[in-house]
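Q: This is the structure, below, for whatever I ask next.
Only the coordinates and a few stated rules stand behind these numbers; no lab work does. Computed from a prediction, not measured in an experiment: that's the story for all the values here. As a convention, Cβ positions derive from the backbone with ideal geometry for all residues, glycine included, and neighbour counts pool all protein chains shown.
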Amino acid sequence: MNPTLLLVDDEADFRENVAEYLRAKGFDLLEAADAAAALEHATARRIDAALVDVRMPGMDGVSLLERIKEADPLTEVVIITGHGSIESAVGAMGRGAFHYVTKPVRMAELELVVRRALEKAALARQNQVYREGERRRRDRWGGRIVAESRSLRQILEAAEGIAQTDSNVLIEGETGTGKEIVAELIHRSSARRERNFSVLNCGSLSENLIDAELFGHEKGAFTGATEARLGIIEITDGGTLLLDEIGDMPLSAQVRLLRFLERGVFRRVGSSRERSVDVRVLAATHRDLGLEVKEGRFREDLYYRLLHFHLAIPPLRDRPDDVLPLARYYLTRMAAPGATPCVLSAQAESALALHPWPGNVRELSHAVERAVFAARIAGETTIEPCHLALLPPGGARSDLVSLREAERRHIQRVLDRVGGNRQLAAEVLGVSERHLYRMLRSIREEGQSEP
């Protein structure tokens with residue numbers, strides 16, 4: 001949708017000349033001869049910028065400015081003033097006006113001020129969209145990170161410390177381990193917490209599009225660029241930008257990203273004007289970027305520019321203490337408002353504990369979501385292994401194994417959890433230590449007899 005201008009002036013000739021010029025420049029423009037007509041427009045539709053004469057019969061321009069801002073705080077207002085009332089125009093800027101221009105108006109100057117006002121309004125509206133998206137995300141998941149394992153708690157403690165700096169951070173970890181959640185934690189714990197947290201997935205964009213997504217573009221910069229558009233770097237000014245899957249960024253785009261990180265300035269595609277922003281950059285990848293550098297698929301200078309701090313998120317299989325707390329957390333979050341959450345049966349807990357989780361936390365959340373849905377369809381409130389429908393990496397049902405294999409897996413998992421202490425393992429399993437010894441020997445002998 002093209003931005004909309006509102007021109008408010010009681011002089012018909014002046015209004016006609018300005019409107020003709022701005023429409024010829026491609027602006028969508030509404031006209032009003034007084035404050036009452038202007039407010040009808042401002043309350044009936046979205047106005048991106050308004051040009052308001054400071055002296056009009058009835059309500060003056062400064063009072064109208066305040067009423068327009070009440071209707072929509074994101075509307076930018078430019079005051080039009082004669083030389084004798086510049087003081088009033090300056091005072092209007094203290095009340096929220098974007099700028100002022102003096103009569104007789106120089107059209108080229110007016111056009112430049114209008115374009116800048118519309119640019120600021122567009123940036124503010126896009127910021128609002130991002131903030132609302134972040135608020136909905138926080139409301140849905142509660143902003144909580146479940147961390148029972150020592151390894152993840154150490155990562156989170158390090159992330160909160162790093163948040164007090166303003167340096168770049170490289171976050172590595174397998175797909176689904178929660179790299180974006182850790183990045184959000186850094187943002188929420190930083191001095192930038194009230195500004196935008198934006199995410200750009202570098203692996204989802206073609207080489208031709210990534211520059212426009214990062215830096216924005218001007219109207220006509222390429223086929224299909226029917227209007228100017230802000231890039232995510234400009235939208236995130238003052239906030240934190242996560243470049244997800246940075247290891248998949250094309251080498252040519254890496255060069256331009258490096259230049260931005262070094263100088264803090266950029267150019268929109270199709271523009272010769274340099275712009276500067278204040279953005280903290282975090283980068284995440286499932287790849288080993290050190291190896292990618294050695295094999296020539298990632299720039300070494302960019303790697304070290306990103307590597308001020310490094311966080312490696314362990315996979316879920318290496319932090320089994322987190323599996324059941326995470327599952328219970330998702331059960332609570334997925335319960336209908338006012339409803340009692342589903343609970344896990346002992347068999348379901350065992351199935352979750354034994355699963356290798358190749359898809360990490362994301363796979364676990366999806367498994368719990370499927371289980372809740374399946375249980376509700378069956379009219380049940382207890383999650384059983386059949387509701388989980390867990391699949392191992394090979395694709396076969398991981399819960400469709402022999403009783404002997406399930407027993408072997410469970411014993412091994414208990415031993416792993418208690419650090420190999422057989423006495424403690426026997427207590428957990430509810431058998432004597434001697435019986436556990438016989439079970440282990442039987443399992444070992446069966447394994448030796450297999451071809």
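Q: Placing +1 at every Lys and Arg Cβ and -1 at every Asp and Glu Cβ, with all other atoms neutral, what dipole size does the chain have around its Cα centre, in debye to the nearest 20?
A: Charge dipole, the chain, about its Cα centre: 1240 debye, nearest 20.
Q: Which of Val281, Gln128, Leu118 sits closest to the plus end of the dipole of the chain, meaning its Cα is farthest towards the positive end, when Lys and Arg get +1 and Asp and Glu get -1 on the C-beta?
A: Val281
Q: Where does helix 179-188 land angle-wise versus the long Cα axis of the chain, in degrees 0 to 90, nearest 10?
A: Long axis of 179-188 versus the principal axis of the chain: about 50 degrees.
Q: Also, I was wondering about something else. Please give the length that would be gained between Asn17 and Arg55 if that part of the chain were fully extended, namely 0.36 nm times their separation in residues minus their C-alpha to C-alpha distance (nm, one decimal).
A: Extending this stretch completely gives an extra 11.9 nm.
Q: Have a look at Gly91, Asn168, Leu415 and report the one farthest towards the positive end of the charge dipole of the chain, computed about the Cα centre with Cβ charges (Lys/Arg +1, Asp/Glu -1).
A: Positive-end residue among those listed: Leu415.
Q: If I model a spin label as a point 7 Å beyond the Cα along the Cα-Cβ vector, how far apart are those points for His410 and Thr223 in nm?
A: Each label point is offset 7 Å from its Cα along the Cβ direction, giving 6.3 nm.
Q: Follow-up. Return a whole-number percent for the relative contact order of the chain, with Cα pairs under 8 Å and 6 or more residues apart as the contact set. If you can, show how the numbers build up before the last one.
A: Values: 680 pairs, mean separation 49.4, N = 451.
Once divided by the residue count of the chain, the mean separation gives 11 percent.
Q: Next question. What spacing in nm lies between the two simple spin-label points modelled at Thr102 and Leu424, each 7 Å away from Cα in the Cβ direction?
A: 8.2 nm
Q: Let me spell out the model: positive unit charges on the Cβ of Lys and Arg, negative unit charges on the Cβ of Asp and Glu, origin at the Cα centre of segment 4-124. What dipole size does that give, in debye rounded to 20?
A: 400 debye
Q: Pull up the DSSP beta bridges for the chain and report the antiparallel fraction as a percent, rounded to 5.
A: Bridges in the chain are about 10 percent antiparallel.
Q: Among Val78, Val293, Val431, whose Cα lies farthest out toward the positive end of the dipole of the chain, if unit charges sit on the beta carbon of Lys, Arg (+1) and Asp, Glu (-1)?
A: With unit charges placed on the Cβ atoms, the residue in question is Val431.
Q: Then there's this: What nm value, rounded to one decimal, do you get for the distance between Asn201 and Arg370 when each label is placed 7 Å out toward the C-beta?
A: Label-label distance for Asn201 and Arg370, simple model: 2.0 nm.
Q: Right, here's the next one. Mind checking which aspartates and glutamates have their C-alpha under 17 Å from Lys25, skipping anything on the same chain fewer than 8 residues away?
A: Qualifying aspartates and glutamates at Cα under 17 Å: Glu16, Asp48, Glu109, Glu111, Glu119, Glu218, Glu227.
Q: Could you work out how far the C-alpha centroid of segment 303-359 sits from that of segment 221-289, in angstrom?
A: Result: 32 Å between the Cα centres.
Q: Could you compute the FRET efficiency for Gln164 and Met439, with r as their C-beta to C-beta distance and R0 at 41 Å, rounded to 0.05? Provide the component values of the computation, followed by the final result.
A: On the way: r = 51 Å, r/R0 = 1.25.
With a Förster radius of 41 Å, E is 0.20.
Q: A further question follows. For the chain, what does the helix formula give at 222 nm: sum of -39500 (n - 2.57) over DSSP H segments with n ≥ 4, over the residue count, nearest 500 deg cm²/dmol?
A: Helices in the chain give a 222 nm mean residue ellipticity of -15000 deg cm²/dmol.
Q: Turning to a different aspect of this structure: Of (1) 203; (2) 146; (3) 130, which one was derived for volume of the Cα convex hull per residue in Å³ from the structure shown?
A: Comparing each candidate, only (1) matches the computed number.
Q: By average Cβ neighbour count within 10 Å, what is the ranking of 146-153, 417-424 from highest down?
A: Result, highest mean Cβ count within 10 Å first: 146-153, 417-424.
Q: Calculate, for Glu111 and Leu258, the FRET efficiency according to 1/(1 + (r/R0)^6) with r their C-beta to C-beta distance and R0 35 Å; round to the nearest 0.05.
A: With R0 = 35 Å, the Cβ-Cβ based efficiency is 0.50.
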